[in-house]
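The values are calculated or read from the model by the stated rules, or taken from the named source; none is laboratory data. Here the structure is a predicted model, which means the values were calculated and not measured. As a convention, Cβ positions derive from the backbone with ideal geometry for all residues, glycine included, and neighbour counts pool all protein chains shown. We work out accessible area using only protein heavy atoms, side chains counted, and drop any ligands, DNA or RNA first. Shrake-Rupley method; radii C 1.70, N 1.55, O 1.52, S 1.80 Å.
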Amino acid sequence: MKKLLCAFATTLAVGSALAWPDKPVTLLVPFPPGGSTDLIARSLAPKLQEKLGGTFLVENKAGAGGTVGATAAKRSAPDGYTVLVTSLGPLVIGPHLLKNLGYDPLKDFDYITVAVQAPNVLAVPAASPHKTLADVLAYQKANPGKMTFASAGNGTSDHLTAELFWQQTGTTASHIPYKGGAPAMTDLLGAQVDATFMNINTGLANIKAGKLRALAVTGTKRSPLLPDVPTLEELGVKGATVYSWQAFAAPKGLPADLKAKLYEAIVAGLNDPAIKAKLLELGFEIVGNTPEQFTAYQASEFARWKKVIEVGKITAD
């Protein structure tokens, strides 16, 4: 009888996996609508429907730097009907800044793929006396703690990139956290602050318009959108390569066949000519790495930002 029940349960599980998706799939975005992560989810939802059938709906569940939505995803059934579409924040930054998280980022998810990445760019106001990275470094060394760097808030990618930059160059400056990227940009454009490390997507329009001067990018190679702007590595700053990224994950225990189907459909969507062109134009680089590669990358990023946060004595607020 026990064997019969086990066989019946297995048949049900296989049958449900074969029928998937026979009800709407939620793409859970742990941020408000309108940001980069939301854009990736909404760009790919129609392609996932096209490739896999069924309906894919985007649900925004914001709060606490994305950790509220990540907790909700972790608590969902690992049946393929909840997929977390997230940035690096809830997976490799927030866990080091916030106590009593509702999830373990290293154990509670099945990692599907990093969809896209984008480097940050060191930018200063157009009227800034700092024309090059060498100017910035010379000023910081001559005036410890005096140069001001804006960020969208404590523990954000732009803040942590600046901290890593100071740690790797042996310099110090003043971090000015804002409540979001918009007010930080306003004050940077108005030269109320000296510099920032912003995501290339955020800064591109003002750089192209000549309102900001880009001094360096944090990628492994120059951005095709800013081909004249060197990388930090090129300019002699080692160990400060940084990418922001958007990725797909699921509650731990996702059946292997569903993970494979999702992975293949996401990568196909990313490489759809219309979607790929749009994303590249916005400054994203297509990644689409395997679940195994993403799992290893997640662990290395988790350890890296843990060290930066501890050395910099960074707190959430």
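Computing Rg and the Kirkwood Rh from the Cα coordinates of the stretch 154-299 gives a ratio, Rg/Rh, of 1.01. With charges set only on the Cβ (+1 for Lys and Arg, -1 for Asp and Glu), what does the dipole of the stretch 101-148 come to about its Cα centre, in debye to the nearest 20? It works out to roughly 420 debye.
Shape call for the stretch 37-196 from the C-alpha gyration tensor, a ≥ b ≥ c root eigenvalues: rounded (a/c under 1.5), prolate (a/b greater than b/c) or oblate? In terms of gyration-tensor shape, prolate.
Of the DSSP beta bridges with both residues in the chain, give the percent that are antiparallel, rounding to the nearest 5.
60
Is the C-alpha gyration tensor of the stretch 246-317 telling us rounded, prolate or oblate? Criteria: a/c under 1.5 is rounded; beyond that, a/b larger than b/c is prolate, otherwise oblate. Taking the square roots of the gyration eigenvalues as a ≥ b ≥ c, the stretch 246-317 is oblate.
Go through the stretch 247-299 and name the GluC sites (Glu not before Pro) that are in a DSSP coil and have 15 or fewer other Cβ atoms within 10 Å of their Cβ. Present the calculation step by step, with values, prior to reporting the outcome.
Details: sites: 264, 281, 285, 292; in loops: none.
Of the GluC sites (Glu not before Pro), not one in the loops of the stretch 247-299 has a Cβ with at most 15 other Cβ atoms within 10 Å.
So what's the angle, to the nearest 10 degrees on a 0 to 90 scale, between helix 2-19 and the longest Cα principal axis of the chain? Result, in degrees: 50. Once the Cα atoms are used to define both axes, helix 36-52 deviates from the longest principal axis of the chain by about 30 degrees.
Give the shape of the stretch 144-210 as rounded, prolate or oblate, defined through the alpha-carbon gyration tensor: a ≥ b ≥ c are the square roots of its eigenvalues, a/c under 1.5 means rounded, and otherwise the shape is prolate if a/b is larger than b/c and oblate if not. It comes out prolate by the Cα gyration axes.
Given Cβ point charges of +1 (Lys, Arg) and -1 (Asp, Glu) and nothing else, what value in debye, to the nearest 20, does the dipole of the chain about its Cα centre take?
On the way: 30 positive and 25 negative charges, 64 e Å.
With only Lys, Arg, Asp and Glu charged at Cβ, the dipole is about 300 debye.
Tell me which trypsin sites (Lys or Arg not before Pro) from the stretch 100-147 have a DSSP coil assignment and no more than 10 other beta carbons within 10 Å of their own. Please report the intermediate quantities before stating the final value.
Values: sites: 107, 131, 141, 146; in loops: 107, 131, 146.
Those that pass, being in a loop and sparsely packed, are 107.
Each of 33, 168, 316 was scored by the projection of its Cα onto the charge dipole of the chain, and the greatest displacement toward the positive side belongs to 316; charges sit on the C-beta of Lys, Arg, Asp and Glu. In the chain, the longest principal axis of the Cα atoms and the axis of helix 256-270 are about 40 degrees apart.
Each residue was assigned an accessible area with a 1.4 Å probe, and for residue 158 the value is about 30 Å². For residue 313, a cut-off of 17 angstrom between C-alpha atoms picks up these aspartates and glutamates, skipping any fewer than 8 places away in its own chain: 158, 163.
Packing order of peptides 175-187, 214-226, highest average first: 214-226, 175-187 (average count of other Cβ atoms within 10 Å over each peptide's residues).
Hey, any idea what the orientation-averaged projected area of the convex hull of the chain's Cα atoms comes to, in nm²?
Numbers: hull surface 67.2 nm².
Over all viewing directions, the chain projects a mean Cα-hull area of 16.8 nm².
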